[in-house]
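**Student:** Here's a structure for you.
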There are 2 protein chains.
Amino acid sequence: MDLEKVLADNLVNLSAIGSDPTGGMTRLLYTDSWLDAQKYVEKQLTEAGLTAHFDAVGNLFGRVEGTKYPEETILSGSHIDTVVNGGTLDGQYGVIAAYVAIQYLLATYGKPLRSMEVISMAEEEGSRFPTVFWGSKNFVCEAKREDVEGISDFEGKKFVDEMRRQGFDFRDDTEAKRDDIKAFVEIHIEQGNVLENQDLQIGVVNNIAGQRRYTIVLKGEANHAGTTPMGYRKDAVYGFSKICSEIIDRAVEVGDPLVVTFGKVEPKPNTVNVVPGEVLFTMDCRHTDKEVLKNFTEEAEALMKEVAEHHGLSIDIDLWMDEAPVPMNEEIVAAVEQAAKEQEMNYRVMHSGAGHDSQIIAPHYPSAMIFVPSIKGISHNPAEETKHEDLVAGVKVLAQTLYELAYKE
Amino acid sequence: MDLEKVLADNLVNLSAIGSDPTGGMTRLLYTDSWLDAQKYVEKQLTEAGLTAHFDAVGNLFGRVEGTKYPEETILSGSHIDTVVNGGTLDGQYGVIAAYVAIQYLLATYGKPLRSMEVISMAEEEGSRFPTVFWGSKNFVCEAKREDVEGISDFEGKKFVDEMRRQGFDFRDDTEAKRDDIKAFVEIHIEQGNVLENQDLQIGVVNNIAGQRRYTIVLKGEANHAGTTPMGYRKDAVYGFSKICSEIIDRAVEVGDPLVVTFGKVEPKPNTVNVVPGEVLFTMDCRHTDKEVLKNFTEEAEALMKEVAEHHGLSIDIDLWMDEAPVPMNEEIVAAVEQAAKEQEMNYRVMHSGAGHDSQIIAPHYPSAMIFVPSIKGISHNPAEETKHEDLVAGVKVLAQTLYELAYKE
């Protein structure tokens, strides 16, 4: 089987479904193009010799039974939805890679000892409705009806109506989560520039970073920029600049994998000739170690308060997202690393700074991820791209990993 | 004559013309309320025994001839227009104070040796049309037709049409500027918090600060806040925070009267989870000494470029306003200071950090300004306020100054 060609054809075909007239891909949960994409995948799964079925909410599975341990399942896949005006790799590359890899293994080695299964998850991005990880959370029986019962999309269409319109519904809450999953491996583009900068083809992901997100409001006094001497000012932007520069300086000192970002800055009144009386800003901080993340952000909070006091500003600090890091399973990580070695790839073990379905699945089933490089680190954008040879390399490492997990005793 | 009561009544009456239904005052050039206000002042001037007339563009004058040196004129006044949703003191206090002071002098001392004149200038704020100092610039024959011939207000009404609708027109360009003005004294609210903080009633203004205004664009790379290690970032907001904090630190070191303000900050994409790839910000810098202003801003520009280079950012620095400081006339300043002493006021000599009509007039005629305190430094706002006793104190110092200049040999 020509793995390179099958991969390339599938990427082209699936990318045609939901291609955005303004460029890129827009394939949102429970839209028609979303259903067309899942049906395209269903057809490919069947043609690859897998038994396909949808679960209640629209996650798609394709399964081949193991000859010796059919009750032990090795699972691979990712999500089928995209962001608005996204690229052609985020999510669907992981779905296609899974069934192309399994198709290749079946063609090359015949049936596996353990069952192999593909999952094409309904939703991860949160781009249509204000909810994320709908696919993976249903798979691990963590999704809650009440979280989506009241929500609508930007056109006012209700989540529940749209789900039912496409023939899906809530899962049976009494159903227990599956106990046959022995491993989950997700392949995904890196969405960062580490692999490219280090000239590597494969990232073996051992951790998904935890993140804390804050919104901070500093309040001082809006004053005339000409008539208010420096000593009489309570300049909120000056306070912000101290906070931002000192916290980032400190983060650089602490070093990888700590990252901290002040992405949003909104002064008031935001006018050239008025001393800013107020500024709202965000801090996004991530690390793979829960304690380090906690300690660093607590230090940052203390520094913010100190700066505020020194500048005569009031401060309101709102921590509105606090997600713990999710370590991957050591054995599955080791299997991926072994596969990368056997395929003679340039690889490194690394963490993911972005969120992925694996962070929902890993607490329930032994999981690991494989990254391939993103050109210039771009994602969530029509310019999202990975060299075809790297996409092929990723599928080869995934296939090798699944071989280790499903074909060996 | 009861100076306090006449002042209070005039402030109440004039503030009723152009009072904004949303609070505060909105009295824009060549609107009906603007003309009503000028006509109200015209009536007061006449009743005070002055000869009133409008010039071509709508500046209003009220004159009493000197008995001995009628060809020497001592002038006082300010502007009649307001900002949108402004207060009841900015501008009109200086107009009312001038005719109340002259009325008081005439009642107390009879006719002056030199002529005294009130000017109620048509426009200073630039709040309706994109032009400023239309009143004072016409008075000193600096206004240019071509600057206003193409401009319109926010409703699309043409400047020229609106001027003519109210019965005014361009001045005769061939007319020379007046050579009889021996002194101009403008009284105004401080619009800052220096007098209040120092518990003073009077500011004797010896200089109007020069100002330089910049718009700066820093460009780096917008990256994923989770997947981009600190070492691989080109974070424009981080660069901005260094620039802002270091330049303000330096300004504080240099000390008064230097002020520097980063009033506008607009990052892109301005989202919590994206490293800001770009930021547009402004710098407003003022000082009373042209050389100090030039040197400080040139140092600031060099520092910005250095920071940009260090952070891998490109930088575009646009200096779009460069106004030189305007020193007041030493003799007129001394006359005001002498008057403040004679009236036993707590005063200080100070500069103005804000722009005023005096900066247009001072290069042509010997000028000085008098400030009264602004409560909390607030202006251009319905909350603009000054204690009535301070408003009275200001008129007394102005009257004393005019007495020194117009009644003494």
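The values are calculated or read from the model by the stated rules, or taken from the named source; none is laboratory data. Bear in mind that the values here come from a model prediction, so they are computed numbers and not experimental data. When we count neighbours, we look across all protein chains shown, and the Cβ atoms used for this are built from the backbone with ideal geometry, even at glycine.
**Student:** Of all residues in region A:196-207, how many are at the interface with chain B (Cβ under 9 Å from one of its Cβ atoms) and not polar (S, T, N, Q)?
**Tutor:** Residues that pass the stated criteria total 0.
**Student:** Restricted to region A:258-279, and to residues that are within 7 Å of another protein chain (Cβ to nearest Cβ) and not in a strand (DSSP E or B), which residue is surrounded by the most Cβ atoms within 10 Å (Cβ to Cβ)?
**Tutor:** A:PRO276
**Student:** So, one more: For region B:1-91, list the strands (runs of 3 or more DSSP E) that sit wholly inside it and hold at least 2 residues that are without any contact (Cβ under 8 Å) to a residue 24 or more places away in the chain and not charged (D, E, K, R); which are they? Give the derivation first.
**Tutor:** Values: elements: B:51-54, B:60-64, B:69-79.
By residue number, B:51-54.
**Student:** Using the structure shown, decide if A:GLU306 is surrounded by fewer than 18 Cβ atoms within 10 Å (Cβ to Cβ), assigned to a helix (DSSP H, G or I) and away from chain B (no Cβ under 12 Å).
**Tutor:** yes
**Student:** While we're on this one: Working carefully through the options A:VAL83, A:VAL12, A:VAL64, find the one that is crowded, with 19+ Cβ neighbours inside 10 Å and modelled with pLDDT of 95 or more.
**Tutor:** Among A:VAL83, A:VAL12, A:VAL64, only A:VAL64 is crowded, with 19+ Cβ neighbours inside 10 Å and modelled with pLDDT of 95 or more.
**Student:** Counting only residues that are assigned to a strand (DSSP E or B) and either of a type in the set (A, V, I, L, M, F, W, C) or more than 7 Å from chain B (Cβ to nearest Cβ) (or both), how many does region A:280-293 have? Spell out the reasoning first.
**Tutor:** Going through region A:280-293, the residues assigned to a strand (DSSP E or B) turn out to be A:280-287.
Narrowing the set further to residues that are either of a type in the set (A, V, I, L, M, F, W, C) or more than 7 Å from chain B (Cβ to nearest Cβ) (or both) leaves A:280-281, A:283, A:285, A:287.
Residues flagged as assigned to a strand (DSSP E or B) and either of a type in the set (A, V, I, L, M, F, W, C) or more than 7 Å from chain B (Cβ to nearest Cβ) (or both) within region A:280-293 amount to 5.
**Student:** Across region A:212-236, which residue is farthest from the other protein chains (Cβ to nearest Cβ) among those that are crowded, with 24+ Cβ neighbours inside 10 Å and assigned to a strand (DSSP E or B)?
**Tutor:** A:LEU218
**Student:** Just to be sure I understand the filter: pairs with C-beta atoms under 9 Å, separated by 6 or more residues or on different chains, first member in region B:192-220 and within 19 Å of B:LYS387 (Cβ to Cβ) and in the same structural domain as B:LEU89 (by TED's automatic domain parsing), second member part of a strand (DSSP E or B) and at pLDDT below 95. Which pairs pass?
**Tutor:** B:GLY192/A:ASN223; B:GLY192/A:HIS224; B:ASN193/A:ASN223; B:ASN193/A:HIS224
**Student:** Just the residues that are among the hydrophobic types (A, V, I, L, M, F, W, C), outside any loop (DSSP other than H, G, I, E, B) and within 14 Å of chain A (Cβ to nearest Cβ), please, taken from region B:339-383. Give the steps one after another, and end with the answer.
**Tutor:** Here is the first cut: in region B:339-383, the ones among the hydrophobic types (A, V, I, L, M, F, W, C) are B:339-340, B:345, B:349-350, B:354, B:360-362, B:368-372, B:375, B:378, B:383.
Now drop any that are not outside any loop (DSSP other than H, G, I, E, B), which leaves B:339-340, B:349-350, B:360-361, B:368-372, B:375.
Scanning region B:339-383 gives B:MET350, B:MET369, B:PHE371, B:VAL372, B:ILE375.
**Student:** Find all pairs meeting these conditions: Cβ atoms under 6 angstrom apart; at least six residues apart or on different chains; first residue within region A:343-364 and within 12 Å of A:PRO257 (Cβ to Cβ); second residue part of a loop (DSSP other than H, G, I, E, B) and small (Gly, Ala, Ser).
**Tutor:** Correct list of pairs: A:HIS351/A:ALA209; A:GLY353/A:ALA209; A:GLY353/B:GLY226.
**Student:** Conditions first: (1) more than 23 Å from A:LYS396 (Cα to Cα); (2) surrounded by fewer than 17 Cβ atoms within 10 Å (Cβ to Cβ). A:GLY353 passes all but one, so which condition is the exception?
**Tutor:** Among (1) more than 23 Å from A:LYS396 (Cα to Cα); (2) surrounded by fewer than 17 Cβ atoms within 10 Å (Cβ to Cβ), the lone unmet condition for A:GLY353 is (2).
**Student:** Return the only residue of B:ALA176, B:ALA183 being of a type outside the set (D, E, K, R), over 18 Å from B:ASP90 (Cα atoms), assigned to a loop (DSSP other than H, G, I, E, B) and assigned by TED's automatic domain parsing to the domain that holds B:GLN38.
**Tutor:** Exactly one residue qualifies, and that residue is B:ALA176.
**Student:** While we're here: Consider region A:359-379. How many of its residues are under 13 Å from A:GLU190 (Cβ atoms) and either surrounded by fewer than 24 Cβ atoms within 10 Å (Cβ to Cβ) or not aromatic (Phe, Trp, Tyr) (or both)?
**Tutor:** Residues flagged as under 13 Å from A:GLU190 (Cβ atoms) and either surrounded by fewer than 24 Cβ atoms within 10 Å (Cβ to Cβ) or not aromatic (Phe, Trp, Tyr) (or both) within region A:359-379 amount to 10.
**Student:** While we're looking at this one, here's another question. Those residues that are buried (at least 21 other Cβ atoms within 10 Å of the Cβ), facing another protein chain (nearest Cβ under 7 Å) and either without any contact (Cβ under 8 Å) to a residue 60 or more places away in the chain or within 16 Å of A:THR297 (Cβ to Cβ) (or both), I need them from region A:242-256; list them, please.
**Tutor:** A:CYS244, A:SER245, A:ILE248
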